[in-house]
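Shown next, in structure tokens, is the structure this report addresses.
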Amino acid sequence: MLQEESDLSLIIAQIVQKLKGSNLYSQLERQAWASLQRPEIKLESLKEDIKEFFKISGWEKKLQNAVYSELSVFPLPSHPAAPPEHLKEPLVYMRKAQGSWEKRILKSLNSMCTELSIPLARKRPVGEQKELLNKWNEMGTDEPDLSLFRPVYAPKDFLEVLINLRNPNYENGDSLSFRTHLGLIQVPLKVKDIPELKECFVELGLNIGQLGIDDSTQVPPELFENEHVRIGQKVLAEQDSAAAQQYIRQGSPTALRAELWALILNISSQPEDVLYYEQLKTNVIQHDLLVDSLIYKDVKLTASNDDYYFVFEDYLYQVLLCFSRDTSVLSHFAYNSASPPKSYIRGKLGLEEYAVFYPPNVAPLCFLYHEPSKLYQIFREMYVRFFFRLHSISSHPSGIVSLCLLFETLLQTYLPQLFYHLREIGAQPLRISFKWMVRAFSGYLATDQLLLLWDRILGYNSLEILAVLAAAVFAFRAVNLMEVTSLAAAEAVLADLSTLKKT
Amino acid sequence: MAGKVKWVTDIEKSVLINNFEKRGWVQVTENEDWNFYWMSVQTIRNVFSVETGYRLSDDQIVNHFPNHYELTRKDLMVKNIKRYRKELEKEGSPLAGKDESGKYLYLDFVPVTYMLPADYNLFVEEFRKSPSSTWIMKPCGKAQGKGIFLINKLSQIKKWSRDSKTSSFVSQSNKEAYVISLYINNPLLIGGRKFDLRLYVLVSTYRPLRCYMYKLGFCRFCTVKYTPSTSELDNMFVHLTNVAIQKHGEDYNHIHGGKWTVSNLRLYLESTRGKEVTSKLFDEIHWIIVQSLKAVAVNASPSLTSSTANDRILKYNLINDTLNIAVPNGEIPDCKWNKSPPKEVLGNYEILYDEELAQGDGADRELRSRQGQSLGPRAGRSRDSGRAVLTTWK
């Protein structure tokens, strides 16, 4: 009991510390001062009256939301004697693996720089700055020569690294038993099995209404949809983060989604946020990074050829270029096993460190937000809460390693024949599903289905659902898959997910 | 029913021919006895021109109504809508109601338009009222964006002035007919780009009016960002969305062809603007379509050329569903049939308007629901049949 209490007070202390530096704190202070003017605030009962005032005016709710937000993100306190690396990633071999992966990426970047004689970063001449500012909204129409740029790594390279992960303290033994894991991932991480998953994802049970199934044309809306929408509106009116998160487990109505996500991620567009975004934009205009060209190339190859997202091509550049310069993102590295590479440009240009990452999934968000600074905020928050885990090596249950393992375990346990068959023909299932999971299915599902999937990521504060979905897809196509005889054919069977209704 | 349906076409497109063949229909020539003739616009004109006096027999169907050009030629369409409105007004129909400034409440869906050179002077009067506005010139009989241009100065259309010194009897007839409309220079933009809607509507009968809307319509985007700036008035890549134009642009993408499905559009609008506004928008689009059809007859050929793989699939399915409705059960047509098809054969079509159903409930319900809160298409649905009917009003 004592341990729990001291854990709790530790958490509280840390959260208070964090919030003290936030904008919300100064706002609350201001509000408190201003409230002294109000007649109902009396000196004798100052504390209670102010508290009451906060409650009525909705400021208490905002504070609750902020605390809730911190709790969702905050890693569990570890042993007080643990070093800070432990917070990032408790397992040494994982940290080491992530470290060497990063080194490899940097090396690749550096050699690209040397080959192409392009600096990692440089300041733009004034003329070029003006030009970029003019075409800020139309970067998609630019056609710079990007043929020499190679992407720093492809998903399959990353997969190879994960496959080769081994825990040096774990000896599997030579004997094969029914427990032997036949998949590619060979690290002993704990993943949930179906009974545990069922318990965790209880709201996805068959007897509970879901958006995406129970609002389809054959079902009269009175049964589920209308009520669900009404509750959603109520949640928004109350501005309650925790309630929103619970609510969205059953899916969000399209019209409410943008606001619900903002509420859950605790994002409100303050003038400071818009200013911050503008500052990042200025940064982009003033300095050119090598990474920019890589981003540009990636967007050109993916989003601009996509049926749904091509319209938003220009937004993607704006968001990603700013993101690569956003130092506040670095604070998430405290709980990310990755480290920002030591900067070569610090000192030279006064720019802080920047991170190298695989350009993550902005495009679907363009369906919800079209104001650039809001779009940016939502994207950044999604990244630092969830998506970064798809690109770094860690033992976290939502990390890509665990997701891969979860996927393989589910498949092997519940569809052993299929698993074995695919393995025999050289089509290890993970090789196919990896690319889905690492992009959170963006680009593989129809947009409305994708958004429903991401609803659940937010609702359960976990990426495990990606692995479950991947396994479900295989289950769904099992009959066809049993008949294929090659990896290529298996890929073909699974190539088009866009017709799947995710739920 | 004995015998297979005999078909003819003068358009060699696989999306058509594959559909006919898969039904086991028999191809014949136009001089033989045929049941179904998919005609090109030229052929329709010839077949139904006054001189030939051709009449269809009871077991023959064609794919266009003879007077289709009443809606496709821009000048005729405008004339028809104006005439329709005046007729309704004369009848005292509440549909023709106007507000205090004289604007039609429910029928204001065509921007101010004039015929040139016929209405030149009227146009000049209107132009002078707001000299900074932009106008769009469209040739009456052309398609695919050909010959369209924007103007903001009278001098740019001097040619069409009736009193121009060069006009004489001879050159009058050389002046091509154009319509000029007030240009809407603040269109809805997505991703900063202008787009239009390509919707497929099938009219199976005129009296009573039965029309169907294909659910899988699409939007066509410009490749270049929209700007109302006058310096870009000549840039057709900014203003015209026709694929025929856009596909010559530098940024045209051959994989998706700059198109979105209408359901995608709906998703986007609902997410960013909310459900009520979106439902109202679609409601009004359907309203415009039905009113235009009522004003006149039917449309000419949509392009059957497929620009992308997805496109081909779409058009194949479109023709498939069209044939299922127009020639139910694949049997030889008989014009004495009651032509209301059962719901199952609709495929991806939804009933846009069925006059027989509507008449059953009395025509003034039409107006009552227009005036009330826009309920969106869902409200019109009946409990057991699912969302078969698009319209809230009847």
ask   = Given (1) open to solvent by less than 10 Å² (accessible area, probe 1.4 Å); (2) within 30 Å of B:GLU276 (Cα to Cα), where does A:VAL299 come up short, assuming only one miss?
value = (2)
query = Take the residues of segment A:10-51 that are of a type in the set (A, V, I, L, M) and more than 40 Å from the chain's Cα centre (by Cα): which is surrounded by the most Cβ atoms within 10 Å (Cβ to Cβ)?
reply = A:ILE41
message = Can you tell me how many residues within segment B:145-178 are modelled with pLDDT under 75 and open to solvent by 20 Å² or more (accessible area, probe 1.4 Å)?
response = 14
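The rows are residues; the columns are (1) modelled with pLDDT under 85; (2) among the small types (Gly, Ala, Ser); (3) more than 30 Å from A:LEU236 (Cα to Cα); (4) in a helix (DSSP H, G or I).
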position: A:SER268; (1), (2), (3), (4): yes, yes, no, no
position: A:TYR276; (1), (2), (3), (4): no, no, no, yes
position: A:LEU294; (1), (2), (3), (4): yes, no, yes, yes
position: A:LYS348; (1), (2), (3), (4): yes, no, yes, no
position: A:PHE357; (1), (2), (3), (4): yes, no, yes, no
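For segment B:174-245, which fully contained strands (runs of 3 or more DSSP E) count at least 3 residues that are more than 30 Å from B:ASP354 (Cα to Cα)?
B:178-182
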ask   = Can you pull out the residues in segment A:103-140 that are within 14 Å of chain B (Cβ to nearest Cβ) and not in a helix (DSSP H, G or I)?
value = A:LYS135
ask   = Quick check: anything in segment A:303-313 within 24 Å of A:TRP454 (Cβ to Cβ), outside any loop (DSSP other than H, G, I, E, B) and more than 13 Å from every other protein chain (Cβ to nearest Cβ)?
value = no
The listed residue being surrounded by fewer than 18 Cβ atoms within 10 Å (Cβ to Cβ) and not in a loop (DSSP other than H, G, I, E, B), out of B:ASN31, B:ASN46, B:ASN67, B:ASN19 = B:ASN46
task = Go through (1) at pLDDT below 80; (2) under 19 Å from A:ASP273 (Cβ atoms) one by one and return the number of the condition A:ARG30 breaks.
result = (1)
note = For segment B:205-231, pairs from a residue that is within 30 Å of A:ASN137 (Cβ to Cβ) to a residue that is at pLDDT 85 or above and of a type in the set (Val, Ile, Thr), with Cβ under 7 Å and 6 or more apart or across chains, are B:GLY217/B:VAL262; B:PHE218/B:THR261; B:PHE218/B:VAL262; B:CYS219/B:VAL262
Of all residues making up segment A:141-157, the number that are in a helix (DSSP H, G or I) and either in contact with a helix residue (DSSP H, G or I) (Cβ under 6 Å, 6 or more places away or on another chain) or not charged (D, E, K, R) (or both) = 2
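Within segment B:121-138, can you find the residues that are part of a helix (DSSP H, G or I) and surrounded by 18 or more Cβ atoms within 10 Å (Cβ to Cβ)?
Within segment B:121-138, B:PHE123, B:PHE127 qualify.
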ask   = Which of the residues spanning segment B:209-225 are away from every other protein chain (no Cβ under 14 Å) and in contact with a Lys or Arg (Cβ under 8 Å, 6 or more places away or on another chain)?
value = B:LEU209, B:ARG210, B:GLY217
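Name the single residue, out of those in segment B:246-272 being in a loop (DSSP other than H, G, I, E, B) and modelled with pLDDT of 65 or more, that is surrounded by the most Cβ atoms within 10 Å (Cβ to Cβ).
The initial filter retains those residues of segment B:246-272 that are in a loop (DSSP other than H, G, I, E, B), namely B:247-258.
With the extra rule that they be modelled with pLDDT of 65 or more, the set shrinks to B:247-248, B:258.
On the way: B:LYS247: 14, B:HIS248: 11, B:GLY258: 26.
Looking at residues that are in a loop (DSSP other than H, G, I, E, B) and modelled with pLDDT of 65 or more, I get B:GLY258.
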task = Could you please find all residues in segment A:52-66 being open to solvent by 50 Å² or more (accessible area, probe 1.4 Å) and either closer than 22 Å to A:ILE11 by Cβ or in contact with a strand residue (DSSP E or B) (Cβ under 8 Å, 6 or more places away or on another chain) (or both)?
result = A:GLU60, A:LYS62, A:LEU63, A:GLN64
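The values are calculated or read from the model by the stated rules, or taken from the named source; none is laboratory data. Note that this is a predicted model, so its numbers are computed, not measured. Glycine also receives a Cβ, built like all others from the backbone with ideal geometry; neighbour counts cover every protein chain displayed. What goes into the accessible areas is simple: the full protein's heavy atoms, side chains included, and nothing from ligands, DNA or RNA. Shrake-Rupley method; radii C 1.70, N 1.55, O 1.52, S 1.80 Å.
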